[in-house]
Every structure is written in structure tokens, then in C-alpha cells.
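Taken together, the values in this text are just the output of simple stated rules run on the coordinates, not laboratory data. Every value quoted in this text rests on a predicted model; they were computed, and no experiment measured them. A quick note on method: Cβ atoms are made from the backbone with ideal geometry, for glycine too, and the neighbour counts reach across all protein chains shown.
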Amino acid sequence: MEQFLGLVIVICVIIAMFLKAGFKIVSQSDIVIIERMGKFHRVLDGGFHVIIPFIDRVKSVLTAREQLVDITRQQVITRDNVNIQVDGIVYMKIINGKMAYYNVEDYRKAISNLAMTTLRGEIGGMILDDTLSSRDKLNAALQIALGDAADNWGVKIMRVEISEISVPNDIEEAMNMQMKAEREKRAIELRAQADKQAVILNAEAMKQEKVLEAEAIERMADAKKYEQVAIAEGQKEAMNNINIAMSTSDFAAQYMLAQDRIGAFSELAKSNSKDKILVPFEVSDFIGSLSLTKEFLGKKPVIEKEPKDDNA
């Protein structure tokens, strides 16, 4: 009885081990390579799977997540013979687990070495200035070159980033001096351009000022001309009215004469001179009459002699 019970226990253990070996739960982030009798059978993705124990076995577990591969710092010579140091990072992801495992021994090492050789070739065809200023272009070229080779390994190159480009100290000092000279040159050009623009603006302002002055003078001349024409027309009309009035009435001339005398008298009265005497018009006529009488009385009478008669 005890032997039978022991046998049942052994059989249960074997069945449990068989079931455990036959049931596989794969994580979403993993790729499981299954071989059957030493030959590739299938690839298990995330989820529950059943395999045949002792016939099917897990050969490798790969990650389905995006991976980072460092490009080791290395010395590279540019087309203009400048020795620089470059390093970078390659972002990749396994697309085909079978190809990633069977087509290359170590896909990470293969991509790193390929990136190094491709980087040397790309930078070797560029001058230093293009290498420093065209980093995006260099990244795109590396991604294309690595992508063509990585397709055979079941790996997709997501992107390539050049982390750092280091130049020798003497080259860096020369570049700094060149950049300083370029900035000073640009500043001088900007100042010259600003001075030129200021001169042009000043000339335009002076031109506009002269134009406005000429327009103002022309308008003033037109206004003065209009004023003189209006005055002349008014004087002409006034003279015509005076002529008509004088021809129809004798008092018109006397009225105008009296008006002129009143105006002259008013201007004389406004004067601050102390050597003036204001005499009414009637008094001046009286004085004038007296002066005429005096002159008349002061003359000696002339006696006309009768002519002698020669016959007497």
C-alpha cells in the first residue's frame, strides 16, 4: 500500500512538472524564441502559450522595448584634416526576434561597430564647420546607413543622436578668434548700415521739409494774390460807386473830404508829441480869412494918373 501511494505521488509530481514545462506566460515586453528538437519552431509574444515539454524549449528571451546602444568615443579625421572626437547613441527596437537571434551573433555589438565605421565615413567626407553645424544632417545620414544593415538583423533603427563633438584646444581657440572676428565684422556692418539708413532718412526728411516749405510759400503766394485781387476788385467797385455818387450828388465829394479830414485829425490826436496844436476846422478858416484881410490891408493903394494931354 505504501509503495502504491509513493508511486501515485511520483506520478503527480511528474504531471505537475510536465504541466509547468508546457504552460508559458510571456510578458508583453518580451520576445521568446522556441526551438523544437534543436530547430527554430516559433516566436512567443506576450500572453499565455502551450508548448510540448522536453521537445520544445526556450532558446532565448529578447526584449521588445526600445534599446539604447552607445557609440564609443572615437577619434575621427575630417576632410580638412582636423582630428576630432565623437560619440553618440543609437535608439533601436527588435522587430523580428528570429532574425535578431539567428542572423547575427550579438546585434547590439554589431550595431555599435557599424555605427562607428559609418560615423568615420560620414565625417571623413565633411569639413569641420559642416560637421559642427550640420549635426541633424549627420544624424539622418547615420540613421539611413544603419537602417539598411539593421533590416537584415530584424532590428529597426529609430534614431541616431551625436552626443558630443570635441575639437583640439588649439582648433577651439582659433575658432573662437574667428567667431569673435565675425561678430565684430557683423557689428561694423550693422553700424555702417544704420548710419547709411540714418543719412537716407535725414535726406528724405530735409527733402520733405523743402517740399512742404515750397508748398507753403506757393499757398501763401496764392492767398496773397487772391487777397490783392479781392482788394483791387473792392477798390474798383468802391471807386465806381464814388463816381456814381459824385455824379448824382454834390455832397458826396464834401462827405469824402470831411471823412479824410476826420481820419487825419484822429491820427494826429493819437500822437504823443508835445509840439502840436489842434485847431478846429472853422477856426483855421477864420485865421485864413484874417490873413487874407491883412494882406489886402497892408498893400498901398495904387493911384492911376490921368495921361497928359499933349495938346493942352
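Some points to look at:
- Centroid-to-centroid, using Cα positions, segment 62-93 and segment 167-221 are 47 Å apart.
- Once C-alpha pairs closer than 8 Å and six or more residues apart are averaged by separation and normalised to the residue number of segment 18-63, the relative contact order reads 47 percent.
- Maximal additional length on extending the SER60-ASN152 stretch stands at 31.2 nm, based on 0.36 nm per residue less the C-alpha distance.
- Distance (nanometres) between label positions extended 7 Å along Cα→Cβ at LEU190 and VAL13: 8.6 nm
- Peptides ranked, highest mean first, by Cβ atoms within 10 Å: ranges 80-86, 138-144: 138-144, 80-86
- Taking a Cβ cut-off of under 14 Å around VAL229, the surrounding Lys, Arg, Asp and Glu residues balance to a net charge of -1, with basic ones at +1 and acidic ones at -1.
- Spin-label model, LYS98 to SER134: label points 7 Å out along the Cα-to-beta-carbon direction sit 4.1 nm apart.
- Highest to lowest packing among 31-39, 145-153, 203-211, scored as the average C-beta count within 10 Å: 145-153, 31-39, 203-211
- Listed residue pairs exceeding 30 Å between alpha carbons, taken from LYS59/LYS93; LYS180/LYS207; LYS185/LYS210; LYS137/LYS185: LYS180/LYS207; LYS185/LYS210
- The GLN208 and ASN176 beta-carbon pair, evaluated with R₀ = 51 Å, returns a calculated FRET efficiency of approximately 0.60.
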